[in-house]
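Note sheet for the following structure.
What follows draws every value from the coordinates through simple rules; no lab data is involved. Being a predicted model, the structure only gives us computed values, none of them experimental. Cβ coordinates were reconstructed from backbone atoms using ideal geometry, including for glycine residues, and neighbour counts include every protein chain displayed.
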Amino acid sequence: MNYNNILSETKEGICYITINRPKQLNALNGDTIAELNQAITIADTATEVRCIILTGADTKAFVAGADIKEFAAFDKSNGENLARKGQELLFDLLENASTPSIAAVSGFALGGGLELAMACHIRIASDNAKMGLPEVSLGVIPGYGGTQRLASLVGKGKAMEMITTAGMLSAVEAKEWGLVNYICTQEELIPMAEKLATKMKRNSPMAIAKAIKSVNAGFTDGVNGFNVEITEFGSCFETPEFIEGTTAFMEKRKAKF
Ligand code: CAA
């Protein structure tokens with residue numbers, strides 16, 4: 001598949017998706033969101049893909065936000081549509097994908113960029129990362145799920161501080177606040193993401209998909225996460241992967257998924 005704004009390549013079970021508009025600090029315009037939608041959908045339906053690593057071309061920015069130049073002249077209805085369509089096409093898609101995703105963040109992850117990292121299941125930041133939701137400095141608010149996902153990751157008080165001050169966190173602060181799982185040098189960023197992906201690849205993709213669904217259920221309004229967990233737990237039984245996993249344990253060998 002040929003893309004203009006992203007790169008997508010699958011190697012040894014890992015799909016590497018790179019946002020590739022370095023001159024615009026990888027800002028998310030409509031075309032980039034559409035291409036990401038396509039690449040993530042393809043990766044999530046390909047059985048050989050066991051993990052998605054999302055990153056930015058160039059070390060200066062993961063993504064510096066939604067493309068401000070594209071929405072500067074929007075009216076209320078265009079603005080609402082931008083947020084709704086973006087959330088559906090990209091941010092919700094990624095969060096609810098069956099394939100686990102890791103955001104490998106180097107440099108700026110601002111506005112829609114941090115929102116994209118937060119829609120991934122795991123975040124790793126290199127030591128030059130700067131993360132924030134600066135939207136109120138532009139007279140707008142986060143529109144790609146940032147008000148919701150930031151509060152669930154770092155807590156309401158810290159989310160309120162980050163959003164109202166439009167401040168940026170360093171990699172160390174982001175780790176302290178629980179916004180990223182790991183920090184590392186720029187050279188270690190992709191290898192560290194690959195290390196996590198390699199651990200995931202040993203496990204049942206069916207069980208991982210059900211676990212993602214169950215964890216997400218607990219953060220979905222009106223859904224009882226415990227009930228979803230019970231149903232998903234039950235649905236694992238009698239699947240080939242459950243049979244292989246438990247048989248391998250009893251035969252004292254590694255399961256082959
Ligand atoms: N949208 C469009 N273009 C952007 C961009 C963005 N979010 N961020 C950077 N760029 C462009 C700049 O316009 C510039 O392009 P030109 O050379 O054509 O002028 C190029 O990328 C390089 O940027 P700078 O010259 O500004 O680089 P810098 O090193 O001086 O500053 C920065 C870096 C602090 C990240 C600065 O670019 C910046 O503040 N960017 C905007 C960050 C922001 O406010 N993001 C939130 C966007 S709103 C949003 O995301 C809403 C939502 O939730 C849906």
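Numerical summary
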{"read-out": "The stretch 164-240: translational diffusion in µm²/s, Stokes-Einstein, Kirkwood Rh over Cα pairs, 25 °C, 0.890 mPa s", "value": "158"}
{"read-out": "Efficiency of FRET between Thr239 and Asp92 - r from beta-carbon atoms, R0 25 angstrom, step 0.05", "value": "0.45"}
{"read-out": "Pairs from Lys130/Lys201; Lys156/Lys199; Lys69/Lys156; Lys201/Lys252 whose Cα-Cα separation, in the structure shown, is over 27 Å", "value": "Lys130/Lys201; Lys156/Lys199; Lys69/Lys156"}
{"read-out": "Additional length obtainable on full extension of the chain from Ala248 to Ala151, 0.36 nm per residue less Cα span", "value": "30.9 nm"}
{"read-out": "Mean-position separation - Cα centroids, the stretch 1-59 and the stretch 194-243, in angstrom", "value": "24"}
{"read-out": "Cleavage-rule hits, chymotrypsin sites (Phe, Trp or Tyr not before Pro), the stretch 71-145, DSSP coil, Cβ neighbours within 10 Å at most 13", "value": "Phe74"}
{"read-out": "Calculated FRET value between Thr10 and Val172, using beta carbons and R₀ = 30 Å, to 0.05", "value": "0.35"}
{"read-out": "For peptides 54-62, 203-211, sequence by mean Cβ density within 10 Å, most packed first", "value": "54-62, 203-211"}
{"read-out": "Simple label model, 7 Å out from Cα along Cβ direction - Phe219 to Arg202, nm", "value": "2.6"}
{"read-out": "Efficiency of FRET from Cβ geometry, Gln186 and Val140, R₀ 35 Å, rounded to 0.05", "value": "0.70"}
{"read-out": "Longest exposed-site-free window of the chain, the sites being GluC sites (Glu not before Pro) in a DSSP loop that have at most 14 other C-beta atoms within 10 Å", "value": "49-186"}
